[in-house]
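Contents: one structure, followed by commentary.
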Amino acid sequence: MKKQDNYLAMPIVHQQVAGIDIGSQFHVVAIGDDPKQHVQQFGVSTKELFRLAQWLTEHQVKHVALEATGGYERALVNVLQEVGFEVLVTSGANTKNYRRFKSDTSDAIHIRTLHSLGLLPPIFLPDEFSTLIRPLVRLRKSLVEDAADYIRRIQKALRAGNVRLDTVLTDTNSVSGLRIITAICQGQEDPIKLAELVDSKCKKKPAEIIELLRGNWNGAMRFEVRSNYRLYLNLQAEIAELDKELDGHFTDHTKGLEQPQAVADPTVGRQKLRQSRNTPRLPIEQYAHKLLGVDLSNIPGLGRDALLTFMAEVGESITKFHSAKAFAKWLGFTPNNKASGGKVLSKKTLKNKSTLPNTFRMVANSLGNMKKPNPMTAFFQRIAYRAGRIKAITATARKLAVVVYKMLTTGEAYDPGRLVRDMAQVKQQQIRQMKKKLVKFGITSADLGLFTNLKAA
């Protein structure tokens, strides 16, 4: 084959670029195309990371590109951003599909080449405060799940002794359920006394509750219930300490926004920090309102846990998404259609390993169970009737994400009136759909008997 002599070279988008291949034991850095002169290997210790940053500074590098590799890149990204480099973190799927000899050196050079040509799309990186509280919020979620698991174990132990607390109460983790479990751990086994601890709003009759709480007790059952309850209380204490730590971070951050100037004397700074830790705490809804500028707690179903997850996963960085559609697509709520030859090959949604999509889905599911009428619940029920509950959860979660995005980007408060469908608009939509079907099947007014009915009348 004759070699093509004239061709158009791709323009260089970024000058002074470095590409880094991230590893668990070492990082390979490329600032050029020559493997012997422009590539160097560094360790993963803090000293080595700062030496890597110094080496890049000496070679006048301004832009750095690297892959997201199982969390090994986080420490390096923090160091590079602290020094002042423009860091781009991309997904590994954006760099792997090409023919070459596979090695750490070639990977680093290839990452550098792609970034210099502007071919690497960045992944979403939240702001510094969200990055700070994210591990604490995820730890809190894990502790809450563990605590709920111990309640389930208590419920299982009671069921083995025919104490049907799960039949008496819909939620064993409710106030009445915890009250009964506490009394059992304190030695109370009389079903009449235990029935008195059930809330008066319980639908079951007192006599039925007494019979359901009359059990066949034994020593092993008592020990299992008390042991699980002690572990549950320990987790609740840890959750309370974690909430105090989170409140402290929110307090410091909101005060830092109000007073951005730095304190010259470090002693005074420590005194102010101790004073801020001792001041009364605000609910997370008020902290989120201060930081985001709008009150997201007005949205039905969006409570404390959902707001904490949103602040930890996205926070004030939602403006990095150029539209509400881009935000919903990142969450995995829109179909990723793939078509070829006029045929749709796949409609699967993109995967997002963040906990935020599951949080939106849980809120959407709770909206579907709400008895109090609101536009979100009406939308959920309409989709569930037409396409099923699973699709209704995803559709409602997407609508919720769009509402949150528009509130944060426009600064407007939540207005449920905007979500109510205009009946005239619905009527026009139905008329358009009917006309399409009439044209598609060639149905005329005579076929429907419209003129015949008019003459008969």
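Within the stretch 147-169, the residues that satisfy the criterion of being loosely packed, with under 15 Cβ neighbours inside 10 Å and closer than 27 Å to D243 by Cα are A148, D149, R152.
Considering the stretch 212-226 alone, what residues qualify as being of a type outside the set (F, W, Y), exposed (fewer than 13 other Cβ atoms within 10 Å of the Cβ) and part of a helix (DSSP H, G or I)? Passing the criteria: G219, A220.
Of the listed requirements (1) part of a helix (DSSP H, G or I); (2) closer than 30 Å to G368 by Cα; (3) modelled with pLDDT of 85 or more, E285 misses just one: (3). Which residue is modelled with the lowest pLDDT, if the candidates are limited to the stretch 1-27 and must be open to solvent by less than 70 Å² (accessible area, probe 1.4 Å) and over 32 Å from the mean Cα position of the chain (by Cα)? Filtering the stretch 1-27 for residues that are open to solvent by less than 70 Å² (accessible area, probe 1.4 Å) and over 32 Å from the mean Cα position of the chain (by Cα), the one modelled with the lowest pLDDT comes out as H14. Is it the case that some residue within the stretch 33-41 is more than 26 Å from the chain's Cα centre (by Cα), in contact (Cβ under 8 Å) with a residue 24 or more places away in the chain and open to solvent by less than 60 Å² (accessible area, probe 1.4 Å)? Yes.
Is it the case, given these coordinates, that T182 is closer than 30 Å to L136 by Cβ and without any contact (Cβ under 8 Å) to a residue 24 or more places away in the chain? The answer is no for T182. Among the conditions (1) closer than 13 Å to G332 by Cα; (2) touching a residue at least 40 places away in the same chain (Cβ under 8 Å), the only one that I393 does not satisfy is (2).
Would you check which residues across the stretch 230-256 are open to solvent by 40 Å² or more (accessible area, probe 1.4 Å), under 30 Å from L291 (Cα atoms) and touching a residue at least 40 places away in the same chain (Cβ under 8 Å) and list them? Q236, E238, E245, H253 - these are the residues of the stretch 230-256 that are open to solvent by 40 Å² or more (accessible area, probe 1.4 Å), under 30 Å from L291 (Cα atoms) and touching a residue at least 40 places away in the same chain (Cβ under 8 Å).
Filtering L139, L88, L143 for residues that are open to solvent by less than 60 Å² (accessible area, probe 1.4 Å), at pLDDT 90 or above and in a helix (DSSP H, G or I) leaves a single hit, L143. Among residues of the stretch 185-210 that are surrounded by 11 or more Cβ atoms within 10 Å (Cβ to Cβ), those with a beta-carbon under 6 Å from a residue that is among the aliphatic types (A, V, I, L, M) and in a loop (DSSP other than H, G, I, E, B) at least six positions away or on a different chain give the pairs P191/L213; L194/L213; A195/L213; I209/V198. Within the stretch 347-390, being free of Cβ contacts under 8 Å to residues at least 24 places away in the same chain, in contact with a Ser or Thr (Cβ under 9 Å, 6 or more places away or on another chain) and in a loop (DSSP other than H, G, I, E, B) holds for L350, K371.
Here E82, E67, E73 are screened, and the one residue that is at pLDDT 85 or above, open to solvent by 50 Å² or more (accessible area, probe 1.4 Å) and of a type in the set (D, E, K, R) is E82. Within the stretch 220-229, the set of residues being within 26 Å of L139 (Cα to Cα) and without any contact (Cβ under 8 Å) to a residue 40 or more places away in the chain comprises S227 only.
The values are calculated or read from the model by the stated rules, or taken from the named source; none is laboratory data. Everything numeric here is computed off the predicted structure, so don't read it as measured data. Please note: Cβ atoms are built from the backbone with ideal geometry, for glycine as well, and neighbour counts cover all protein chains shown. To get the accessible areas, we keep the full protein, side chains included, count just its heavy atoms, and leave off ligands, DNA and RNA. Shrake-Rupley method; radii C 1.70, N 1.55, O 1.52, S 1.80 Å.
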